[in-house]
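Trainee: Starting off with a structure, shown below.
Nothing in this text is a laboratory measurement; each read-out follows from the coordinates by a stated rule. Owing to the predicted nature of the structure, the values given are computational and were not obtained by experimental measurement. Glycine gets a Cβ as well: all are built from the backbone with ideal geometry, and neighbour counts include every protein chain shown.
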Amino acid sequence: MNTAEKIATNERGRISIRNVTKVYDPDGAKVLAVDNCSMEIEAGEFCVVVGPSGCGKTTLLNAIAGFHSITSGEIHLDGELLCSGQKRTQPGSDRIVVFQNGALFPWYTVLENVTFGPVVQGGVNEKDAKDKARAMLGQMGLEGIENNYPSEISSGMRRRVEIARAMMNDPSVLLLDEPFRAMDALTKTVVHQFLLDVYDKSKKTVFFITHDLEEAIFLGSKVYIMTTRPAQIKTILNVDIPRPRDFRALSSATYIRLKKECIEAVHEEALKAFKAGEREMA
Amino acid sequence: MATASSQQFNWVKFRKSVFSLTTGRGIASIIIFTILWEICSRLGVPIIGNVPPPSAVLAALGKQLVSPAYWMSWLDSFVRILTGFAIAQVLGIPLGLLLGVNRTARELIYPIFEIMRPIPPLAWVPIAVIFWPTTELSMMFVTFLGAFFTVVLNIVGGASSIDLRYIRAAHSLGSSRSDIFWRVMLPATLPSIVVGMTVGMGITWAVVVAAEMIASRSGLGFLTWRAYVAGEYPLIIIGMMSIGIAGYVSSALIRMIGSRLTPWLRTF
Amino acid sequence: MSQTQLTPGMGAGEMTVTGVAKGFGLGPLHKQVLCDCSFTLEKGKLTVLIGPSGCGKSTLVNVLAGYEAPDAGSVLLDGKPVCEPGPDRLVVFQETALFPWMTTYENVSYGPRVQRKMPEAEFRRETMKLLDLVGLRDFKDKYPSQLSGGMQRRAELVRAMINQPKVMLMDEPFRGLDAMTRALMQEYYVRLFEEHRGTNLFVTSELEEAIFLADKLLILTNRPARVKKVIEVDLPRPREFAMLTSKAYQDCKMEALELLHEEAMKSFAAGAVNAADFLEACSQMGQDQAVPSCKEGPGEETRQ
Amino acid sequence: MTNATATTAATPTTVTAPAEQGGALSSWQITLFSLKQWLKSPSPYLNVLGIVGFIVFWYLATERFKLPWFNKLPGPVAVFQEWVSRDPAYGISIYSPEYYHHIFTSIWRVLQAFILATVLGVPIGLFMGWKKTFKDYTFPLLETLRPIPMLAWVPLSILMWPGREASIIFLTFLGSFFATVLNTLLGVESIDEVYFRAASSLGAKPRQVFFKVILPGSLPFIFTGLQISMGFAWFSLVAGEMLAGEYGLGYLIWNSFIMVQYPVIVIAMVTLGVIGGFSSSLIRMVGDRLMQWKVREAAR
C-alpha cells in the first residue's frame, strides 16, 4: 500500500529527523525535552505522534516549523537542511502549522483568513486569490460562511477553515499540533473525516500530534508513541487499515487489534507523566 | 530539581535579569536623555532650552536635601494623601460591596455615580473650598473624591462579574448568607478592590498636587508652584521629581499590600 | 462518622423526579427547556444522563440541585421535596468551581466549616484522610491555580464527598481535560464509586464515557428535553478499559447511538445551529447503519 | 402555573411553538418587548428615584433648610434659573454667547491635544511592541516620566512654551499621550503568540505582520486606551485652564469662584461632565465601527 501511495504523491514532503536533542535552559535549570530522536517520514505519509502532554512532541513540531531551534541533530525536508544545532530556517509557507486552539485571525472574515497566505506572499492579485479561495471552500463543503468572522462559526467549522487556509498555500508538509484538543467527541468525528478527505485528495505529508490514541490509529499511516520527558520513541506502529477510511474503520478487526496492542503502552506513559507532573508541582 | 530552584534563590536567573541587554539599554537611554537635555538646555534650543539643565538641578538638589522645609513638604503631602485615601477606602469599599451585592441599592445609587464620573475631580476644588470651613479639609475632600469614585466603580464591576458557579457551589455546601458574603463574595471581589486602590492612588496624587498648587501653602505641589512663581526654575524639576518618586513609592506600596491580600493571584 | 463514609451504600439517597418542566423568558421570548421529565436516581447506582447539544442537561442539574425552581413537577429526595440548594445534593461543576482564593485544604474543608456541625479537630482529620485517599496530601496548601487539571477535579470530588451527600450531581466534570488525563480520571472516578456506592448522577456528552461509567443510561430528547429512553448497562463491575472492546459494550453503544441520531435529525430539522456538525457526523455513519462504530456522542458547542 | 403545566405535559409539540415564534419575530419587536419588560421591572424607577432623591436632598440642604456649610453652596433651583435665564445675573446661561465660547475653546484644545497624542502615541506604542530594541530604549524613559502627575508639569509647561494656549495644549497632550502609548503597547503584547506564528508560517513578511496582525490585533486595547486618554485629557485640561487659562470651562470654574458667582461653577461642572461623557462614548462608537469582528463576537 505504501508503494501505491508513493505513486499518487508528488515527491515533495519527505522529512528526516536525525538524532534530534533539545535542552531547554531557562533560569539555569537544564531540562532535556527531546532526547536523541530520529524519524524518517516518507513523502505523502500521514504520520501521527502520540505522547502524554508536556513530553516534547510540540518541541519537535516547533523545530520543523521553524519556531524553535534545536540543541543538536538535524532535520531535513526533501534533502535540504531545515535546522540543526547551528542553523534554523525561518518559518515558511512550505510547512504550515494548524495550532492547538486555532489561530484564525479573529479580525478577518473567513474569506480574508483563507486568502491571507497568497495575499501576503504576493504574486497573485486579490481577486484571483478570492476566487480560488471560494472554489476551495466550496470543494471542502464550507460555502456560505465566507463573510462570517471566526467567532460566529462553530468550533468544528473553525478548524476546518484553518485546514483550508493551510491548503491554500499548497504546502509540502501539514503540521498539526493537537488541533482537535478540547473538542467534544462528536465534533471530532466530523473534523476527522474532513481531514482524511483532504489527505486522500491531496496526499500531502502530514505530521500530526495528539495524545488521543484512538484518533492516532484512526487517522495515521504510521503512529509513533513517545515516552514521557525526555521524549524518545517507544513504539512505532504501522497502521495497515486501507484508505479511504471512514468511521467503519473504527470497528474493524485491525483497528481493535492495534488499539489493544498499544493501549497498555500509552496508559503506562500517561500514568508516568501524571506522576512526574505531580512530583514536579510538589 | 524544579523544587530546589523554586525554594532557593536562583542566582543564574537573578544574574540574567540584572545584567541583561534590556537593563543596559534602559540605563543607556536614560543617560542619553539626560545628556541631550543638558546640551539642549545650554545651547538654548527653543522650547526645551527654557528648561533648566540637569547640572543646575543637581546643584539645587544638594541644597534642598538638607533643608527641613523640603522634607516638610513631603510630610504635608503624604498626610493629605493618606487621610483622603484612607477615608475613601473606608467609605468606598463597603459602599461598593453593598452596591455590588444588593440590586436595589445598585439601581438606586449607581446612576448618580455614572453621572458624576466624567466630571474631572479638579473641577470640584472650588465647590469643596466653598463647602468646607478650612482649606485643609477641602483638599482632603477633593483627594477623597478622586479615589472614592475609582474604588466604588471597580468594586461594583468586580462584584457583579463573580462567576455564578462559586456562589452556587457555596450554597450547595451549606453556607449561610454571611458565609457567602465573607468567604465568597469578598475574596472574589478582592482583586478588583486592589486594582481600584492602585488606580485610585494614581489619581489621588494628581488631585493633591493640583489642589496644593491652587489652594494651599504647603506640600510638594505648592513647592513646585512657588518655585515657578519665585523664578527658582531648577526647583520646579526637583518638585516634579519628588512628586514622581512619591507617587511611584505609594503605588508600589499599594501593589505590595495587594499581592499580600491576594496570594492566590501570584504567579508561581 | 468516618467509618460510615467507607461503608458501601450507606447514607445514599434516592431521588425521584416527576414531571419537571422549566422554561426561560417571558412572552414571545419564552423558551421551554425541560418538559415533563420523569426518572428516578436509584440508591447506590450511577446514572448517566446523555443528550444532544444544548438540550438542557445543565438546566436539569440546576433544578435537581435546587438552584432553580421547576415551573411544574416535583423533585423528591428520600420523599422530601427539594426546594433550595443544600449539602445533601452536591454538584461537581463543569471545568471546576474550586474557590481560587482558598488552598486545597480550605476548599475541601469548606462544607463542614460553614455547616458548623463538626468540631474543627474532627473535620481536619476527615479532610486529611480524604486528601490522602486522592493523593493530594502534599498539595493541601496549594491554591487551585497551582494544581494540574486532573488534581483540580480530584480536589473538587473530595470537596463534595466530605459532606457525605445523599446524591452527587456531576455536571460534565471531566470536560476540557485532555484525552489521556480524562481516561485516567474516569478510571479514578469509577474506582471511587465502586468502593463507596453512593447515588450518583453523571452528565456527559461523550457516549463512550457514559457507557463505561453507567449502571443506567438516561437519554434525553431535544429541547424541550424529556427522557427518551432508559438503558440498563449490564457490564460487570469493577469496570476495566478492556471492556471497551467487548460485545456487550458494542451492543449498548449501538442502541444509544441510534437514539441520539434520531434526536439529532429532529434538532437539525428545528434549525439548531449546533446540530449541523452532529448531523454531518451522523450522515457519515448513515452510510452503514449495521455497524455502530465511531466513538462519539452529541457535542456541545457552547457552555451553558 | 398549573395551567401552563397541563398544556406542556399533554401536548409537548405545542410547547415549541412560542420558541419558534420568538425566532420569527423581527428584531424591533423583540426590542419593543424587552423595553416593555424593562418598564415593568422596578429598575428604571429606581434609577430615576436615585437621581431625583439626590437633587431633592441638594435642594433641601441648600435652599430649603439652609443647613450649616451647605447654605454656602448654590442650590439646584438657583443654578437652573441662572442656566436658562435670558438675562443671567452672572453672564453665563444657554442664551449667552460667552457660554459657548468657553465650551468651544475647551473642546478645541482637547481636540488638538488628543489628536496629537493619538497620532504620536499609537505608532510609538505599536512600534515599541513590534521591535524589542526600540522598547528597550524607550520604555524605561516612559516609566520614569509617567509617575509624575500631569499637574506637576504645569509650571514647567508654562515655562517651556511661549504663550498660554501652547502650554495648556501641551499639558492636555501629556495627559493623554502616556495612556495612549501604554495601552497600545499592552495591546500588542496581549496578542497571542500563535497569531504571529500563523502569520509567519503563512509567509508574511515583517511589514505585513505589522499591518495585518499587530495593528488589527491591538485595536481593542488601543480604543480602551483612547477612552482612558480622553478622560485624562479633560482632567489635565481643567487643571491647565484653572491655573493658566483665559477662556475655557476650567477657567470659567476658577474665575467664578474668585468672583463669587457660585451658580456658574455648577453650570460649568455639569457642562464638563456632559461633554466628557459624550466624547468618550463617541470614541466607543468609532471603535465599534472599526472593529466589526469584536461587535459580532459580543453579539453571540
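Trainee: With 10 angstrom as the radius, rank C:K228, D:K132 by how many other C-beta atoms surround their C-beta, starting from the fewest.
Mentor: Details: C:K228 16, D:K132 13.
Arranged by neighbour count, lowest to highest, C:K228, D:K132 become D:K132, C:K228.
Trainee: Same structure, new question: Using +1 at the C-beta of Lys and Arg and -1 at the C-beta of Asp and Glu, which of D:M291, D:G240, D:T105 has the Cα lying farthest in the positive direction of the dipole of segment D:97-299?
Mentor: It is D:M291, whose Cα lies furthest towards the positive end.
Trainee: Here is a follow-up. Once a ≥ b ≥ c are taken as the square roots of the eigenvalues of the Cα gyration tensor of segment C:49-99, is the result rounded (a/c under 1.5), prolate (a/b larger than b/c) or oblate (a/b not larger than b/c)?
Mentor: Numbers: a/c = 2.10, a/b = 1.19, b/c = 1.77.
Verdict is oblate for segment C:49-99.
Trainee: Something else now. Taking segment D:150-269 as the region of interest, what is the percent of Cα-Cα pairs per 5 angstrom bin, listed from the shortest bin to the one with the maximum distance?
Mentor: 2, 12, 15, 13, 12, 11, 8, 8, 6, 5, 4, 2, 1, 0
Trainee: Further question: Mind listing the phi-derived Karplus ³J(HN,Hα) values for segment A:41-52, rounded to whole Hz, using 6.51, -1.76 and 1.60 with θ = phi - 60°, and x for any glycine or proline?
Mentor: Ordered by residue, 3J(HN,Hα) equals 10, 5, 5, x, 8, 9, 9, 10, 10, 10, x, x Hz.
Trainee: Okay, next question. Neighbour counts of other C-beta atoms within 10 Å: give me A:K22, A:K132 arranged from fewest to most. Could the numbers behind the result be given before it?
Mentor: Values: A:K22 24, A:K132 15.
So the residues, fewest neighbours to most, are A:K132, A:K22.
Trainee: How many Cβ atoms of partner chains, on average, are near each residue of C:179-187 if near means within 10 Å of its Cβ? Could you put the intermediate results ahead of the total?
Mentor: Details: counts 16, 15, 7, 2, 7, 5, 1, 0, 2.
Averaged over the peptide's residues, the number is 6.
Trainee: Could you pull the Cα extents of segment D:119-200 along its three principal axes, largest to smallest, in whole Å?
Mentor: Per principal axis, max minus min of the Cα coordinates gives 52, 21, 17 Å.
Trainee: Report the residues of segment C:215-259 in range of a label on C:S38: point 7 Å along Cα→C-beta, backbone N strictly under 12 Å from it.
Mentor: Once the point is set 7 Å along Cα→Cβ of C:S38, C:227 turn out to lie under 12 Å by backbone N, inside segment C:215-259.
Trainee: Using every Cα-Cα pair within segment D:97-299, state what percent have a distance larger than 21 Å.
Mentor: So the pairs more than 21 Å apart make up 58 percent of the total in segment D:97-299.
Trainee: When a/c is below 1.5 the answer is rounded, else prolate if a/b is larger than b/c, else oblate, so apply that to segment D:210-291 with a ≥ b ≥ c taken from the square roots of the Cα gyration tensor eigenvalues.
Mentor: Prolate is the answer for segment D:210-291, as a/c is 1.5 or above and a/b outweighs b/c.
Trainee: Follow-up. Can you give the helix-only mean residue ellipticity at 222 nm for chain B, where every DSSP H stretch with n ≥ 4 adds -39500 (n - 2.57) and the sum goes over all residues, rounded to the nearest 500 deg cm²/dmol? Walk me through the numbers on the way to the answer.
Mentor: Working: 12 runs with 209 residues, N = 268.
Roughly -26500 deg cm²/dmol at 222 nm, from the helical runs in chain B.
Trainee: Give the calculated FRET efficiency between D:L159 and B:I35 to the nearest 0.05, with a Förster radius of 25 Å applied to their Cβ-Cβ distance. Before the final figure, lay out each step's value.
Mentor: Values: r = 21 Å, r/R0 = 0.84.
According to the calculation, E is roughly 0.75.
Trainee: Label points 7 Å out from Cα along the Cβ direction at D:T31 and A:A253: separation in nm?
Mentor: In this crude label model, D:T31 to A:A253 measures out at 6.7 nm.
Trainee: Let me ask something else. Only helical DSSP H runs with n ≥ 4 go in: add -39500 (n - 2.57) per run for chain A, normalise by residue count and round the 222 nm mean residue ellipticity to 500 deg cm²/dmol.
Mentor: Values: 9 runs with 108 residues, N = 282.
It comes out at -12000 deg cm²/dmol, rounded to the nearest 500.
Trainee: Simple spin-label model, 7 Å along Cα-to-Cβ: C:T16 to B:T134 in nm?
Mentor: 7.5 nm
Trainee: Right, next: Quick check on the protein assembly as shown: of the DSSP beta bridges with both residues there, what percent are antiparallel, nearest 5%? Intermediate results must be reported in sequence, preceding the final value.
Mentor: On the way: 41 of 79 bridges.
Antiparallel bridges make up about 50 percent of those DSSP assigns within the protein assembly as shown.
Trainee: What does the average come to when, for each residue of peptide A:150-162, you count the partner chain Cβ atoms lying within 10 Å of its Cβ? Working shown, then result.
Mentor: Details: counts 2, 7, 6, 3, 8, 4, 8, 3, 0, 0, 1, 0, 1.
Whole-number average of other-chain Cβ neighbours for A:150-162 is 3.
Trainee: Hey, another quick one. Go from 0 up to the bin containing the longest alpha carbon distance in segment A:184-282, width 5 Å each, and give me the % of pairs per bin.
Mentor: Histogram of Cα-Cα distances, whole percents per bin: 2, 11, 21, 22, 18, 13, 7, 3, 2, 0.
Trainee: With N residues in segment A:133-237, what two-decimal value do you get for its Cα radius of gyration over 2.2 N^0.38 Å? Before the final figure, lay out each step's value.
Mentor: Values: Rg = 14.9 Å, N = 105, 2.2 N^0.38 = 12.9 Å.
Taking the Cα Rg and dividing by 2.2 N^0.38 Å, one obtains 1.15.
Trainee: Follow-up. Hey, what number do you get for chain D at 222 nm if only DSSP H runs of n ≥ 4 count, each worth -39500 (n - 2.57), divided across all residues, to the nearest 500?
Mentor: Working: 15 runs with 234 residues, N = 300.
Per the formula, -25500 deg cm²/dmol.
Trainee: Now a separate question. Report, to the nearest 10°, how far helix A:126-139 tilts away from the longest principal axis of the Cα atoms in chain A, using its own Cα long axis and a range of 0 to 90°.
Mentor: 70 degrees
Trainee: While we're looking at this one, here's another question. For segment C:143-178, list residues with backbone N below 14 Å from a point placed 7 Å from the Cα of C:K129 toward its Cβ?
Mentor: Correct set: C:161-164.
Trainee: Based only on other Cβ atoms within 10 Å, what is the fewest-to-most ordering of D:R86, C:R153, B:R25?
Mentor: So the ranking, lowest neighbour count to highest, is D:R86, B:R25, C:R153.
Trainee: Volume per residue, Å³, of the convex hull around the alpha-carbon atoms of the protein assembly as shown?
Mentor: For the protein assembly as shown, the hull spanned by Cα atoms encloses 210 Å³ per residue.
Trainee: Over all residues in D:290-297, what is the mean tally of Cβ atoms on other chains that come within 10 Å of each residue's Cβ? Could you put the intermediate results ahead of the total?
Mentor: Details: counts 1, 2, 3, 10, 4, 1, 6, 5.
Taking all residues of D:290-297 together, the mean is 4.
Trainee: Just order A:82-92, B:213-223 by mean Cβ neighbour count inside 10 Å, highest at the front, would you?
Mentor: In descending order of packing, they fall as B:213-223, A:82-92.
Trainee: Can you compute the modelled spin-label distance between B:R103 and B:M72, with each label point 7 Å from Cα toward Cβ, in nm?
Mentor: The answer from the label model is 5.7 nm.
Trainee: Using +1 on the beta carbon of Lys and Arg, -1 on that of Asp and Glu, and nothing else charged, what's the dipole of the protein assembly as shown about the Cα centre, debye to 20? If you can, show how the numbers build up before the last one.
Mentor: On the way: 111 positive and 102 negative charges, 354 e Å.
Roughly 1700 debye, rounded to the nearest 20.
Trainee: Can you give the alpha-carbon Rg of chain A over 2.2 N^0.38 Å, where N counts its residues?
Mentor: The value comes to 1.01.
Trainee: For segment B:56-265, what is the convex hull volume of the alpha-carbon atoms per residue, in Å³? Don't jump to the answer; show the numbers that get you there.
Mentor: On the way: hull volume 28.3 nm³, N = 210.
In segment B:56-265, the Cα hull volume divided by residue count equals 135 Å³.
Trainee: Residue farthest toward the positive end of the dipole of segment B:56-265, with Cβ of Lys/Arg at +1 and Asp/Glu at -1: which of B:S161, B:V199, B:A215?
Mentor: It is B:S161, whose Cα lies furthest towards the positive end.
Trainee: With charges only on Cβ, +1 for K and R and -1 for D and E, what is the dipole size of segment B:56-265 about its Cα centre, in debye, rounded to 20?
Mentor: On the way: 13 positive and 8 negative charges, 90 e Å.
Dipole magnitude for segment B:56-265 comes out near 440 debye.
Trainee: Starting from the coordinates of the alpha-carbon atoms of segment C:51-170, obtain the Kirkwood hydrodynamic radius over all distinct pairs and give the value in Å to one decimal. If you can, show how the numbers build up before the last one.
Mentor: On the way: mean 1/r = 0.0648 Å⁻¹.
Over segment C:51-170, the inverse of the mean reciprocal pair distance is 15.4 Å.
Trainee: Two decimals is fine: what is log10 I(q)/I(0) at q = 0.14, 0.16, 0.18 Å⁻¹ for segment B:50-161, from a Debye sum with one equal scatterer on every Cα and no solvent?
Mentor: Log-scaled intensity ratios, in q order: -0.72, -0.83, -0.93.
Trainee: Using the beta-carbon distance between A:E261 and C:D138 and R0 = 41 Å, what value does 1/(1 + (r/R0)^6) give for FRET efficiency, to the nearest 0.05? Mind showing how you got there, number by number?
Mentor: Numbers: r = 35 Å, r/R0 = 0.86.
The formula returns an efficiency of 0.70 here.
Trainee: Would you mind getting me the FRET efficiency between B:A230 and D:I258? Use the beta-carbon distance for r and R0 = 22 Å, nearest 0.05.
Mentor: 0.50
Trainee: Still on this structure, please answer the following. What whole-number volume per residue, in cubic angstrom, does the convex hull of the C-alpha atoms of segment B:11-51 give?
Mentor: Working: hull volume 2.4 nm³, N = 41.
Convex hull volume per residue, Cα atoms: 60 Å³.
Trainee: For the protein assembly as shown, build the charge dipole from Cβ charges (+1 Lys, Arg; -1 Asp, Glu) around the Cα centre, then report which of B:W124, B:C40, D:L174 sits farthest towards its positive end.
Mentor: B:C40
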